[in-house]
Amino acid sequence: MLWRRPVSLLAACLLLAVAPHRAQAKEDWVRTWDAALQLIPQGKDLPAIFQAPEVSGRTVRQIIYPSLGGQEVRLHISNRYGTAPLDILEARIAKAKGDSAETRDAGVTVTFNGSSILHLPPGGEADSDPVTLALEGGEPYATSLYVGPHQRMEAWHRVSGQINYISAAGNHAGEASGEAYRTHFIHYAWVTSLSVKQSDDAKAILAIGDSITDGLRSSTDLNRRWPDGLMRRLAAEKGQRMAVLNAGISGNRLLSDSACWGEKLVTRFDREITSAADIKTAIVLIGINDINFAAQPANAGLDCDSPHTQVSAADLIAGYRQLAVLAHHRQIRIIMGTILPAGLPPAREKIRLAVNDWIRSSSEIDGVIDFDKALRDPSHPESLRAAFDCGDHVHPSDAGYAAMAQAVPLQLLAPLQLSGTATTSQ
């Protein structure tokens, strides 16, 4: 049994107000890859980076890297945030040839309740039928979706860190060649998870937060995000059957929604852990955008940083406590990462330091990963170490993300009973 603190009346009311978005996952299915969706900004004259690609009557091929292997898989398809139906006329999954649209072969057809066609109403979600496929952890796979003639992309995971592909008009789902896939995009859409059937006690770890978990500024197509590094560490450990799922969203905040950066974490966290039979641990790293966005200038057009809400350390701590209550209610261990240095001005730096002090000392969470300590410059602790800075003084470089992965004490992830005393990385 996971250690948990008593649930307050306020927390109990909060839990009663939350509804799961889909049925509880069965114990023998473990998610091996995950992507968190966000609404694509709406309006006229959007900047190019927020304009959805043309997909009507085309085939969308997306490259994913599962954590764990197996012999039987299923896809989860989501039309969350959609205002029109999602029509998939054929879906296939195949072993990919690395950083291209080519696949090893035609792959296997994915069906839904026995049909090769899936029609999802706005907001709808669906698991595919189980598919027999020899899946290898850490290897690339291509999901190919041939969509209807009037299909639009209304939601995506905006920062995939992976080049994906859209074909010329027509059904090219079963083609191993990448010749038809002339359009590139760097988002994920519709496919929100890949699960693998397991006969052992494999479980999943959910890494959730903002761009630093999402891996913004890491090298495209090379899987250099810190959760990728953690996945490789776990794969090297004999007997460790743990998937690492990345539910980071770039620009995400703990306490405020955004037209560009997704729902606030205190809202989306429960949805991400609702099908929690496979998730036993959540690693949370968030807060820097809450601290920073209040100071960003308002934009007369699309204002991605709106609302420019001023937050205090107490506000953020209250939000973290909500996450802890939700996790413990579902018997999930919650581990929090300290907020990385970002060269903040004194008033904002004071908030960051106070939050990190609370994270390091709190008995309301089940463990601490001191990312701040691992990446800060010893001579200037308010800043990232130069070798770990991608150049914008906020996001890590590939080396910085690797250092974050190394900073995770693996004993925090072991299936042990918790004493209630937080453990900190050294």
Self-check item: Failed item in (1) part of a loop (DSSP other than H, G, I, E, B); (2) touching a Pro at 6+ places or on another chain (Cβ under 8 Å); (3) hydrophobic (A, V, I, L, M, F, W, C), with Ala173 passing the rest
Solution: (2)
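When region 235-257 is examined, which residues are found to be closer than 12 Å to Ser67 by Cβ and either buried (at least 20 other Cβ atoms within 10 Å of the Cβ) or under 13 Å from the mean Cα position of the chain (by Cα) (or both)? Outline the logic, then answer.
Of the residues in region 235-257, the ones closer than 12 Å to Ser67 by Cβ are 235, 240-246.
Met242, Ala243, Val244, Leu245, Asn246, listed by residue number.
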Quiz prompt | Residue ID - farthest from Glu364 (Cα to Cα), chosen from residues in region 390-426 that are of a type in the set (S, T, N, Q) and at pLDDT 85 or above | solution = Ser397
Exercise. Take Val159 and decide whether it is touching a helix residue (DSSP H, G or I) at 6+ places or on another chain (Cβ under 8 Å), at pLDDT 95 or above and aliphatic (A, V, I, L, M).
Key: yes
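Out of curiosity, is Ala354 surrounded by fewer than 16 Cβ atoms within 10 Å (Cβ to Cβ) and over 19 Å from Gly251 (Cβ atoms)?
Numbers: surrounded by fewer than 16 Cβ atoms within 10 Å (Cβ to Cβ): yes; over 19 Å from Gly251 (Cβ atoms): yes.
The answer is yes for Ala354.
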Quiz item: Can you tell me how many residues in region 183-215 are under 12 Å from the mean Cα position of the chain (by Cα) and either in contact (Cβ under 8 Å) with a residue 60 or more places away in the chain or in the same structural domain as Arg80 (by TED's automatic domain parsing) (or both)?
Solution: 13
Quiz item: If you take the residues in region 261-283 that are modelled with pLDDT of 90 or more and among the hydroxyl-bearing types (Ser, Thr, Tyr), which one is nearest to Leu230 (Cα to Cα)?
Solution: Thr281
Quiz item: From Ala180, Ala134, Ala91, which residue is buried (at least 16 other Cβ atoms within 10 Å of the Cβ), in a strand (DSSP E or B), in the same structural domain as Gly57 (by TED's automatic domain parsing) and touching a residue at least 24 places away in the same chain (Cβ under 8 Å)?
Solution: Ala91
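Tell me, please, whether a residue that is in a loop (DSSP other than H, G, I, E, B) and touching a helix residue (DSSP H, G or I) at 6+ places or on another chain (Cβ under 8 Å) can be found in region 324-336.
yes
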Exercise. Identify the single condition in (1) under 25 Å from Val394 (Cβ atoms); (2) among the charged types (D, E, K, R); (3) in contact with a helix residue (DSSP H, G or I) (Cβ under 7 Å, 6 or more places away or on another chain) that Glu272 does not satisfy, given that it satisfies every other one.
Key: (3)
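Working only within region 31-54, note down all residues that are within 26 Å of Ser116 (Cα to Cα), assigned to a strand (DSSP E or B) and of a type outside the set (Asp, Glu).
Of the residues in region 31-54, the ones within 26 Å of Ser116 (Cα to Cα) are 31-37, 52-54.
Cutting the leftovers down to assigned to a strand (DSSP E or B) gives us 31-34.
Across region 31-54, the qualifying residues are Arg31, Thr32, Trp33.
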Quiz item: Any idea which of Gly57, Gly98, Gly82 is of a type outside the set (A, V, I, L, M), closer than 19 Å to Asp127 by Cα, out of contact with any Ser or Thr (no Cβ under 7 Å at 6 or more places or on another chain) and part of a loop (DSSP other than H, G, I, E, B)?
Solution: Gly82
Quiz item: Scanning region 361-412 for residues that are touching a strand residue (DSSP E or B) at 6+ places or on another chain (Cβ under 7 Å) and β-branched (Val, Ile, Thr), which turns out farthest from Pro227 (Cα to Cα)?
Solution: Ile365
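The values are calculated or read from the model by the stated rules, or taken from the named source; none is laboratory data. Model, not experiment: these values are computed from the prediction. Virtual Cβ from ideal backbone geometry, glycine too; neighbours counted across all protein chains shown.
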